[in-house]
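Below is one structure, written out as structure tokens; comments come after it.
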Amino acid sequence: MKKKNAAALMAAAMAASLLVGCGGAASSEATSAAESKPAESTAESTAADTTADGDETLTVWAWDPNFNIYALKQAEAIYQKDHPNFKLNIEENVYSDIETKLITAATSEDYSTLPDIFLMQDYSFHKMVANFPGIYTELDNGGFNWDDFSGGKLADSTVDGHHYGIPFDNGASVMAVRSDMIENAGLTVDDFKDLTWSEFEEKAQKVVDANGVPMLTSSGGSELIIEMMQSAGASPVVDGEVKIADNAALKESLTVYKDMVDKGILAEYTDWDQYIASMNDGKAAGVINGCWIMSSVQAAADQSGKWAIVNMPKLDGIDGATNYANCGGASWAVSSNCKNTELAYDFLKSTFGASVELYDDLLPNAGAIASYLPAAESDVYNQPSEFYGGQTVYKDIVEFAGKVPAFDCGAYYSDVRSALTDAVTNIVQNNADIDSEMQNAQDTVEFNIAG
């Protein structure tokens with residue numbers, strides 16, 4: 001796609017803020033995990049521009065003061081211990097504005113308006129790099145240890161073998177389950193670990209029968225379908241070619257999803273507030289989503305000790321199927337306008353790319369679960385969670401992240417998600433033929449790409 005599609009991308013950017021819910025709210029449960037206090041930031045919005053000789057200031061765009069911007073301030077304080085003259089000039093922008101500004105700079109071919117570093121939603125990397133590669137500085141030679149991050153997370157910001165993002169927050173998929181409802185059915189939480197979907201359905205039916213509520217709640221659309229596909233390492237786009245109509249993992253995912261709805265194992269709520277309420281009000285015995293959903297689960301303080309976290313089921317009969325996926329998250333990018341790439345590399349490498357101290361602070365104080373795999377070994381991540389019955393949930397989640405298969409929708413994530421949402425709706429609500437809906441989705445995405 002060339003500049004003629006810039007208007008469409010801007011429209012998509014304006015809508016992007018609707019999807020930013022993947023990984024924001026702080027976790028009240030995690031607050032008890034450590035006693036660390038927020039460090040004071042010396043960054044000021046009027047900090048000198050990085051063009052000044054000898055200046056050690058980097059300008060960063062990010063959103064959410066209590067999550068991403070808090071993380072930047074803590075990273076700044078840690079880096080200042082060895083670099084006392086270092087400063088971050090943090091400019092708060094909602095995510096849709098960041099994408100709009102990036103597209104405006106690229107279409108005008110004036111990159112001077114860009115900051116040194118910016119935060120980007122993971123699902124946008126392939127789209128933006130494919131259309132506007134001049135925005136980015138590649139990170140391949142930045143000295144980062146890519147093995148310290150989940151392959152599934154890295155795939156979101158890796159295009160044609162080149163790295164464009166440093167992973168930040170964790171979006172590993174979890175299955176949160178009501179342990180008390182499971183016990184009412186004569187089962188245990190352990191019975192729901194490492195299952196195939198057919199094994200899950202058999203046990204879930206017992207929970208439904210014993211409690212009179214669905215085993216799972218869903219926000220509808222294609223979110224869970226995409227997680228199911230990713231868990232098998234299957235992508236709807238391969239090397240730029242749409243692979244929806246003949247995708248065995250997708251067909252199995254749609255078949256399982258429809259079967260669960262028909263049996264009352266899964267309930268759909270297209271209204272987000274009702275979806276969250278179904279967890280908090282005991283209208284469902286569990287949910288599968290990115291680990292950021294835990295902050296919503298924990299909103300029901302009266303249910304403390306009645307929840308547990310396990311991995312999601314895997315697809316039956318699909319080669320490469322696993323019990324792990326990812327949903328949501330963001331990564332740090334270095335712009336082509338960065339005045340001091342070596343400083344940007346070193347800051348990111350020393351903090352978000354290496355500092356367990358940083359992630360130990362972010363977990364209790366911002367609810368940010370690390371994508372940095374070594375964080376799972378720290379004392380903070382190994383603290384038992386009272387809400388989840390004494391389980392070391394944060395350690396478990398980081399370990400889940402390390403097992404997520406790579407998944408790539410290419411530059412067309414939004415198109416794929418929209419087409420699959422239509423397919424799921426028609427299959428579930430109208431009993432439409434699965435093969436026909438997969439072909440319709442294939443045709444729709446191909447048409448959008450060609451346009």
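The values are calculated or read from the model by the stated rules, or taken from the named source; none is laboratory data. Everything numeric here is computed off the predicted structure, so don't read it as measured data. Cβ coordinates were reconstructed from backbone atoms using ideal geometry, including for glycine residues, and neighbour counts include every protein chain displayed. Protein only, heavy atoms only, side chains kept; ligands, DNA and RNA dropped before computing areas. Shrake-Rupley method; radii C 1.70, N 1.55, O 1.52, S 1.80 Å.
From the residues in the stretch 397-406 that are open to solvent by 20 Å² or more (accessible area, probe 1.4 Å) and out of contact with any Leu (no Cβ under 9 Å at 6 or more places or on another chain), which one is farthest from A376 (Cα to Cα)? So the residue we want is P405. Meeting the requirement of 1 or more residues that are surrounded by fewer than 24 Cβ atoms within 10 Å (Cβ to Cβ) and modelled with pLDDT under 95, the helices (runs of 4 or more DSSP H) wholly within the stretch 222-325 are 223-231, 272-280, 294-297.
Condition test on V174, is it hydrophobic (A, V, I, L, M, F, W, C), surrounded by 22 or more Cβ atoms within 10 Å (Cβ to Cβ), out of contact with any Lys or Arg (no Cβ under 9 Å at 6 or more places or on another chain) and on the phi < 0 side of the Ramachandran plot? Write out each step before concluding.
Numbers: hydrophobic (A, V, I, L, M, F, W, C): yes; surrounded by 22 or more Cβ atoms within 10 Å (Cβ to Cβ): yes; out of contact with any Lys or Arg (no Cβ under 9 Å at 6 or more places or on another chain): yes; on the phi < 0 side of the Ramachandran plot: yes.
Considered against the rule, which asks whether it is hydrophobic (A, V, I, L, M, F, W, C), surrounded by 22 or more Cβ atoms within 10 Å (Cβ to Cβ), out of contact with any Lys or Arg (no Cβ under 9 Å at 6 or more places or on another chain) and on the phi < 0 side of the Ramachandran plot, V174 comes out as yes.
Among the aliphatic types (A, V, I, L, M) and more than 25 Å from S295 (Cβ to Cβ), is that true of V428? First the steps, then the outcome.
Details: among the aliphatic types (A, V, I, L, M): yes; more than 25 Å from S295 (Cβ to Cβ): yes.
When the stated conditions are applied, V428 passes them.
Taking the stretch 145-155 as the range and being under 15 Å from A333 (Cα atoms) and open to solvent by less than 30 Å² (accessible area, probe 1.4 Å) as the test, the residues that pass are K153, L154, A155. Pairs are defined by a Cβ separation below 7 Å, a sequence spacing of at least 6 or placement on different chains, a first member in the stretch 190-216 that is more than 14 Å from M175 (Cα to Cα) and touching a residue at least 12 places away in the same chain (Cβ under 8 Å), and a second member that is in a helix (DSSP H, G or I) and open to solvent by 70 Å² or more (accessible area, probe 1.4 Å); the pairs so defined are Q205/K263; A210/N184; N211/N184.
Name the residues in the stretch 347-365 that are among the small types (G, A, S) and either part of a helix (DSSP H, G or I) or open to solvent by 20 Å² or more (accessible area, probe 1.4 Å) (or both), would you? Steps first, answer last, please.
To start, the set of residues in the stretch 347-365 that are among the small types (G, A, S) comprises 350, 353-355.
Matches in the stretch 347-365: S350, A354.
Examine the stretch 372-385 for a residue that is within 17 Å of the chain's Cα centre (by Cα) and within 24 Å of E227 (Cα to Cα), and state whether such a residue exists. Yes, some residue in the stretch 372-385 is within 17 Å of the chain's Cα centre (by Cα) and within 24 Å of E227 (Cα to Cα).
Taking the stretch 54-85 on its own, how many of its residues are part of a loop (DSSP other than H, G, I, E, B) and either open to solvent by 50 Å² or more (accessible area, probe 1.4 Å) or under 16 Å from K349 (Cβ atoms) (or both)? If you could, list the steps in order and put the result at the bottom.
Going residue by residue through the stretch 54-85, those that are part of a loop (DSSP other than H, G, I, E, B) are 54-56, 63-64, 81-85.
After this cut, where a residue has to be either open to solvent by 50 Å² or more (accessible area, probe 1.4 Å) or under 16 Å from K349 (Cβ atoms) (or both) as well, the list is 54, 56, 81-85.
Selection size over the stretch 54-85: 7.
Within the stretch 251-267, residues that are aromatic (F, W, Y) reach no partner that is crowded, with 21+ Cβ neighbours inside 10 Å and at pLDDT below 95 with beta carbons closer than 6 Å at six or more positions or on different chains. P214 fulfils the conditions (1) assigned to a loop (DSSP other than H, G, I, E, B); (2) touching a helix residue (DSSP H, G or I) at 6+ places or on another chain (Cβ under 7 Å); (3) open to solvent by less than 20 Å² (accessible area, probe 1.4 Å); (4) not hydrophobic (A, V, I, L, M, F, W, C) except for a single criterion, (3). Is it the case that L139 is at pLDDT below 95, within 28 Å of G367 (Cα to Cα) and either open to solvent by less than 20 Å² (accessible area, probe 1.4 Å) or not basic (K, R) (or both)? Criteria not met by L139. Within the option set A432, A368, A344, being open to solvent by less than 20 Å² (accessible area, probe 1.4 Å), of a type in the set (A, V, I, L, M, F, W, C) and either within 19 Å of the chain's Cα centre (by Cα) or within 30 Å of S222 (Cα to Cα) (or both) holds for one residue only, A368.
Being over 30 Å from S295 (Cβ atoms), of a type in the set (A, V, I, L, M), open to solvent by less than 50 Å² (accessible area, probe 1.4 Å) and part of a helix (DSSP H, G or I): is that true of A106 here? Quick ask: steps written out before the conclusion?
Details: over 30 Å from S295 (Cβ atoms): yes; of a type in the set (A, V, I, L, M): yes; open to solvent by less than 50 Å² (accessible area, probe 1.4 Å): yes; part of a helix (DSSP H, G or I): yes.
So A106 passes the test.
Of note, E91 satisfies the criterion of being assigned to a strand (DSSP E or B) and over 18 Å from K349 (Cα atoms).
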